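S.K.: Below are the C-alpha cells for one structure; questions will follow.
The values are calculated or read from the model by the stated rules, or taken from the named source; none is laboratory data. The shown structure was predicted, so the numbers you read here are calculated from the model rather than taken from an experiment. So basically every Cβ, Gly included, is an ideal-geometry build from the backbone, and we count neighbours across all protein chains shown.
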Amino acid sequence: MIPASALCSGVASSVFWFLLPVTLSGYASSYSLDEQQIGLIASSFGGGYFLASILGLSWVGRVSVYQVYRWGALGAALCLTASMTQSSAQYLAITLVFAGLCLGSVYSGSLVSLGVSPNPTRAYALLYLIQTGLVFSALLGLASLVPDSFPVHYAIELAAAVLLGALFVASLFAAPTDHRRAPRTSNRDLRFIRSSLLPLVAVTLTFAGFTGTYVFLDLQSEQFGEGFGFIVVAANLGAGAVGSLAALLIGARYGLRVPMIFASIMAMLSAVLMGNSSSELSFLVGAVLHGFSWNLGAPYRASVVAQSTDSGHGSVLTSGMQSAGDAIGPALIGATLFGFGWAYSLLVASAFWVIGLGFYLFALRGLDEGSI
C-alpha cells in the first residue's frame, strides 16, 4: 500500500520547484535580472535541496519522517515568505538556498517512505502524476485568477507558503500511530549504496539536462509573444502528467531499458524541436516532448536506486542526486545561454542525457529487472 502521507508531503514540497520557470521569469522581469543571475538563483535552490538530501543520510531511521515533514514545511513557508521582501539576486539566492534545504528535507522523507513500498516504480510514478497534474491545474489558475497588476512570482511564493503551512498544521494533528520510523540503514545497505554509484550519476546527469532547460522555458518563450511562456510551461507539465501516467500503467512490463531508451530519444528530439527558434509550433511540441520524456523516465531511475538497498534507503540519495542535477544544470546551461545562445544550451543538455543514459544502461547489467 502506498502511504498517503508520503504522497501529500512529496506534492506539497515540490509545487514551488515545478513552478520555478514562471517564478524565475517573474524575477527577471520585475528585478531586471539576466540569464546568469537567474541560473545562479535556480542553482542555489537546487543546492539547498542537495544539501538536505545528503543530511538526510544522518536522520533516516533516527528521526520520524513526520517530524521532518512538520518542521521542514514550516521552515520552507517562512523562507518563501521572506523571499518576497527583497529584490536583489544575492538575497533571493540566499533565501532560496534555505527554502531548498527545508523543502528537500520534506521531499527526501517522502521518497524514503515510497521507496520501501512493495512496488516503488508505481509509487514514484503516482507521486509524479499527482505533482504534475496539480501544478498543471495551479498554472491554469494563475493565468485566470491572478490580476496582471500582481506579480506572478509573489502569487506562486504565497501559494506555496500557504500549502506548506497547511502541511505543517496537518502534521500537528497526525495520529500517534502514524509516527512511524523508517528502518535504520544497515552496513549492508551502505555497501549497496556505494554500489549504486552508476545509477546515481545517471540521475544527476539526466536531471541536470532536464532542469537546466526547464527553468528557462518561460524566458525563451518570450520571443514568440507575451503569455506564450504560460502556454509552454503548462503544456510541459500536462505532458509530464501523461508521462507519469504511462510509467504507472506500464510498470516493469517492458523491463527498465526500453522505457529509459525511449524516454531519452524523446528528450533529444525535444531539444531539436525547441532549438528551432523560428517556429512557435516546433518550440511548443518540443516542450511537450521534454515534459513527457522527463516524467516517463524519472520513476524508473528512482526505482533502480531505491531497489539497490534492502530497505530502500537509496531513495534519499535519489533525492540528493536529483538535487545535484538541479544545482548543476541551471548554472551551467544558464552560463551557456548567456554566452553562446539557446541552441548551444540544448546541445549541453543533450550531452547530459546521452551520458546519463550510458551510465544507466551500464548500471542495469546483472540487475533483476523483474523485481523493480
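S.K.: From the set of residues in the stretch 266-284 that are free of Cβ contacts under 8 Å to residues at least 12 places away in the same chain and in a loop (DSSP other than H, G, I, E, B), which is farthest from Phe340 (Cα to Cα)?
M.R.: Pass one, the stretch 266-284, residues free of Cβ contacts under 8 Å to residues at least 12 places away in the same chain: 276, 278-279, 281-282.
Filter once more, so that each one left must be in a loop (DSSP other than H, G, I, E, B): 276, 278-279.
On the way: Asn276: 15, Ser278: 17, Ser279: 20 Å.
Top of the filtered list is Ser279.
S.K.: Out of Leu20, Leu7, which single residue is modelled with pLDDT of 85 or more and within 17 Å of the chain's Cα centre (by Cα)?
M.R.: Criteria check complete, one pass: Leu7.
S.K.: For the stretch 52-62, what are the residues that are surrounded by fewer than 20 Cβ atoms within 10 Å (Cβ to Cβ) and modelled with pLDDT of 75 or more? It would help to see each step written out before you state the result.
M.R.: Within the stretch 52-62, the subset surrounded by fewer than 20 Cβ atoms within 10 Å (Cβ to Cβ) is 54-55, 57-59, 61-62.
Correct list: Ile54, Leu55.
S.K.: Right, next: Restrict the check to the stretch 55-62 and report whether at least one residue is in contact with a His (Cβ under 7 Å, 6 or more places away or on another chain) and either of a type in the set (Phe, Trp, Tyr) or farther than 17 Å from Val152 by Cα (or both). Show your work before the answer.
M.R.: Going residue by residue through the stretch 55-62, those that are in contact with a His (Cβ under 7 Å, 6 or more places away or on another chain) are 60.
Pick out the ones that are also either of a type in the set (Phe, Trp, Tyr) or farther than 17 Å from Val152 by Cα (or both) and you get 60.
There is at least one residue in the stretch 55-62 that is in contact with a His (Cβ under 7 Å, 6 or more places away or on another chain) and either of a type in the set (Phe, Trp, Tyr) or farther than 17 Å from Val152 by Cα (or both).
S.K.: Can we say Glu226 is at pLDDT below 85, more than 17 Å from Val354 (Cβ to Cβ), over 19 Å from the mean Cα position of the chain (by Cα) and in a helix (DSSP H, G or I)? If you could, list the steps in order and put the result at the bottom.
M.R.: Details: at pLDDT below 85: yes; more than 17 Å from Val354 (Cβ to Cβ): yes; over 19 Å from the mean Cα position of the chain (by Cα): yes; in a helix (DSSP H, G or I): no.
Spelling it out, it is not the case that Glu226 is at pLDDT below 85, more than 17 Å from Val354 (Cβ to Cβ), over 19 Å from the mean Cα position of the chain (by Cα) and in a helix (DSSP H, G or I).
S.K.: I would also like to ask the following. Could you tell me whether Val146 is surrounded by fewer than 17 Cβ atoms within 10 Å (Cβ to Cβ), aliphatic (A, V, I, L, M) and free of Cβ contacts under 8 Å to residues at least 12 places away in the same chain?
M.R.: On the way: surrounded by fewer than 17 Cβ atoms within 10 Å (Cβ to Cβ): yes; aliphatic (A, V, I, L, M): yes; free of Cβ contacts under 8 Å to residues at least 12 places away in the same chain: yes.
Here the answer is yes, as Val146 does meet what is asked.
S.K.: Which one is surrounded by the fewest Cβ atoms within 10 Å (Cβ to Cβ), of the residues in the stretch 248-279 that are closer than 13 Å to Phe210 by Cβ and under 20 Å from the mean Cα position of the chain (by Cα)?
M.R.: Ranking the candidates gives Met268 first.
S.K.: On to the next question. Can you tell me which of Ser30, Ser43 is within 18 Å of Thr95 (Cα to Cα), out of contact with any Phe, Trp or Tyr (no Cβ under 8 Å at 6 or more places or on another chain), surrounded by 21 or more Cβ atoms within 10 Å (Cβ to Cβ) and modelled with pLDDT under 85? Working first, answer last.
M.R.: Working: Ser30 fails: surrounded by 21 or more Cβ atoms within 10 Å (Cβ to Cβ).
Checking each option against the conditions leaves just Ser43.
S.K.: Does the stretch 101-118 include one or more residues that are polar (S, T, N, Q), at pLDDT below 75 and surrounded by 15 or more Cβ atoms within 10 Å (Cβ to Cβ)?
M.R.: Here is the first cut: in the stretch 101-118, the residues polar (S, T, N, Q) are 105, 108, 110, 113, 117.
Restricting the remaining residues to those that are at pLDDT below 75 gives 117.
Within this subset, residues satisfying the condition of being surrounded by 15 or more Cβ atoms within 10 Å (Cβ to Cβ) are 117.
Yes, some residue in the stretch 101-118 is polar (S, T, N, Q), at pLDDT below 75 and surrounded by 15 or more Cβ atoms within 10 Å (Cβ to Cβ).
S.K.: Would you please name the residue that is farthest from Thr206 (Cα to Cα), looking only at residues in the stretch 343-372 that are aromatic (Phe, Trp, Tyr) and at pLDDT 90 or above? Break it down stepwise before answering.
M.R.: Kept after step one, since they are aromatic (Phe, Trp, Tyr), are these residues of the stretch 343-372: 344, 352-353, 359-360, 362.
Narrowing further to those that are at pLDDT 90 or above: 344, 352-353.
Working: Tyr344: 17, Phe352: 6, Trp353: 5 Å.
So the residue we want is Tyr344.
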